[in-house]
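Structure first, commentary second.
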Amino acid sequence: MTRLTTVFIALGMLSASQSVGADDPPGDPAELAKREYEQVMALTPDIDNGRRVYLTCAVCHGPEGWGTPDGAYPQIAGQWREVIIKQLADIRARHRDNPLMYPFSLTRILGGPQNMADVAAYVAALPMTTGNGVGPGLDLELGARLYAEHCADCHGERGEGKPAKPTPAIAAQHFPYLMGQFDAIRNGRRKNANPEMIEQIAGFSPRDQAAVLDYTSRLRPAPEKLAAENWLNPDFPNYVRETMGMPPLPPPLPVAPPMPAPFPIAPMPSSVPE
């Protein structure tokens, strides 16, 4: 399947779900999401079916599940299945606002609880890349200190996450995506945010935010979680992996901006012609 084909599939699904208001389930979103999470967690996943369901996800997250370094789509490969299931349940119950993801999470597109269990298990088993988008690398010492003080208790010392909570793994996540989610949580746009995290980051300055998330994006997952060099997902051998002309990310900022070259001065004539 080519990238162009998957784009047409995505457009078709989005068109089919334009009247998303009709899909809003009645009741409290948090309670609905919690109920579906518990239902899905009780099921035995079928990895083979998860591979088939994942074709829908690959439209945005890519066949490897690595997302895009610009942060438009997060790396989901290797994420805890508990986290994936919770976020899917939250999004489709409208407990987490994600207009782009919401149509893909609908039952008539993604499927029911069994499909959720299956695709979450498939994604959790995908190996991760460390070729993720990172920040400029200018304030990593501050970032390391802030991470140890404010993030490690929940997300783990190496950003490995904790499935029992469930708290997401954030190591090797794209820096721009982390920045966007941090803003959404602090500004109250992400309704399913953990209250403890909201309190932890309330006093962060813009410098603090950039420093800790730059540091986080550079944390490396455990070796057994990583893809081999040049690995491509063999489940999608015919998938065309172009970036569709997306502009490249700007290079990291230098430690100090270079001084501009001196402006050339023309030599003065030795004599003025008469």
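Quick note: the coordinates plus some simple rules give every number you see, no bench work behind them. These numbers were taken from a predicted model, which means no experiment stands behind them. Please note: Cβ atoms are built from the backbone with ideal geometry, for glycine as well, and neighbour counts cover all protein chains shown.
Roughly how many Å is it from the Cα centre of the range 172-219 to that of the range 34-71, as a whole number?
So the two Cα centres are separated by 24 Å.
Figure the gain on full extension for Arg145 and Asn194 (residue separation times 0.36 nm, minus the Cα-Cα span) and round it to one decimal in nm. Could you put the intermediate results ahead of the total?
On the way: separation 49, 0.36 × 49 = 17.64 nm, distance 2.14 nm.
Taking 0.36 nm per residue and subtracting the Cα distance, the gain is 15.5 nm.
Could you work out how much longer the chain between Ala152 and Asn230 gets when fully extended? Use 0.36 nm per residue separation minus the Cα distance between them, nm to one decimal.
Working: separation 78, 0.36 × 78 = 28.08 nm, distance 3.10 nm.
Stretched out fully, the Ala152 to Asn230 stretch lengthens by 25.0 nm.
Compute the length gained on full extension between Val240 and Ala125: take 0.36 nm times their separation in residues and subtract their Cα-Cα distance, giving the result in nm to one decimal. Before the final figure, lay out each step's value.
Values: separation 115, 0.36 × 115 = 41.40 nm, distance 2.18 nm.
Full extension from Val240 to Ala125 adds 39.2 nm.
If packing is taken as the mean number of other Cβ atoms within 10 Å per residue, what is the order of 111-121, 34-44, highest first?
Numbers: 111-121: 21.8, 34-44: 15.9.
Highest-to-lowest ranking by the protection proxy: 111-121, 34-44.
At a Förster distance of 41 Å, what's the computed FRET efficiency of Arg35 paired with Leu100, Cβ-Cβ distance as r, to 0.05? Mind dumping the intermediate values first?
On the way: r = 25 Å, r/R0 = 0.60.
Working from the Cβ atoms, E equals 0.95.
Would you mind counting up the charge near Gly78? Only other residues with Cβ under 14 Å from its Cβ, with Lys and Arg at +1 and Asp and Glu at -1.
Details: positive: Arg81, Arg158, Arg220, Lys225; negative: Glu64, Glu82, Glu160, Glu224.
So the surrounding residues net to 0.
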